[in-house]
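The values are calculated or read from the model by the stated rules, or taken from the named source; none is laboratory data. Keep in mind the model is a prediction, meaning the values are calculated, not measured. Neighbour counts run over all protein chains shown; Cβ positions are idealised from the backbone, glycine included. Calculation scope for accessible area: heavy atoms of the full protein, side chains included, ligands and nucleic acids excluded. Shrake-Rupley method; radii C 1.70, N 1.55, O 1.52, S 1.80 Å.
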Amino acid sequence: GLPLPFLPGSVALEKISSSDMKTEMEFLYSHSPSYLKGFIDLVFRYQGKYYIVDWKTNYLGPSEEDYSLEKIEECMQQNSYFLQASIYAQALKKYLALFEKRPFEEVFGGAIYFFIRFAKPYFFHPVMSEVL
């Protein structure tokens, strides 16, 4: 299974109960005069925290060196993935507010953008956008 090395105990994604996962989580909320709609690939809960996962198929090159931290961060910037993650985090915050009583800052574990080629996870905490 897919190991999540940044989580305590390097748990594998397959070990997380399906009741603690939501795939293709759709969101729709008003944003100024229009609406913002999208899908988060995967949201899961682990040890009381919620995480966002987005699968990325970007081709950065033919070798593992092409998927270094620096090159992944460059790809994240060029493709506005940090902004995307901020929007996803805001959508998750709105969703969790429906049933989660703890503050979002306490229950949000972060985002994992998983680059499928060479199986490279990029873990970070999105900056919550003020514009949403």
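Once every DSSP H run of n ≥ 4 in the chain is given -39500 (n - 2.57) and the sum is divided by its residues, what mean residue ellipticity at 222 nm do you get, rounded to the nearest 500 deg cm²/dmol?
Details: 3 runs with 30 residues, N = 132.
Computed ellipticity for the chain at 222 nm equals -6500 deg cm²/dmol.
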Provide the per residue accessible area, probe 1.4 Å, for the chain, rounded to a whole number of square angstrom. 58 Å²
Considering the dipole of the chain built from charges on the beta carbon (Lys and Arg +1, Asp and Glu -1) around the Cα centre, which of I40, P126, L98 is farthest to its positive end? L98
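When the accessible area of the chain is split by element with a 1.4 Å probe, what percent falls to carbon and sulfur? Mind showing how you got there, number by number?
Details: 4050 of 7640 Å².
In the chain, the share of accessible area belonging to carbon and sulfur is 53 percent.
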Go through 86-92, 17-23 and give me the packing order, highest mean Cβ count within 10 Å leading. 86-92, 17-23
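Given Cβ point charges of +1 (Lys, Arg) and -1 (Asp, Glu) and nothing else, what value in debye, to the nearest 20, does the dipole of the stretch 54-132 about its Cα centre take?
Working: 8 positive and 11 negative charges, 79 e Å.
Value, rounded to 20: 380 debye.
Leaving ligands, DNA and RNA out of it, rank K120, K56 by accessible area with a 1.4 Å probe, largest first. Spell out each step's value before the answer.
Working: K120 50, K56 15 Å².
The residues order as K120, K56, largest area first.
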Segment E73-Y59, length gained on full extension (0.36 nm per residue, minus Cα span): 3.7 nm
Using a Förster radius of 22 Å, what is the FRET efficiency between I116 and K37 based on their Cβ-Cβ separation? Nearest 0.05, please. 0.35
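Nearest 20 debye, what's the magnitude of the dipole of the chain about its Cα centre given +1 on Lys and Arg Cβ and -1 on Asp and Glu Cβ? Mind showing how you got there, number by number?
On the way: 13 positive and 16 negative charges, 94 e Å.
Here the chain has a charge dipole of around 460 debye.
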XL table K49/K93; K93/K120; K15/K93; K15/K94; Cα-Cα > 22 Å flagged, in table order, is K93/K120; K15/K93; K15/K94
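Normalised radius of gyration for the chain, please: alpha carbon Rg relative to 2.2 N^0.38 Å, two decimal places. Before the final figure, lay out each step's value.
Numbers: Rg = 15.1 Å, N = 132, 2.2 N^0.38 = 14.1 Å.
That ratio works out to 1.08.
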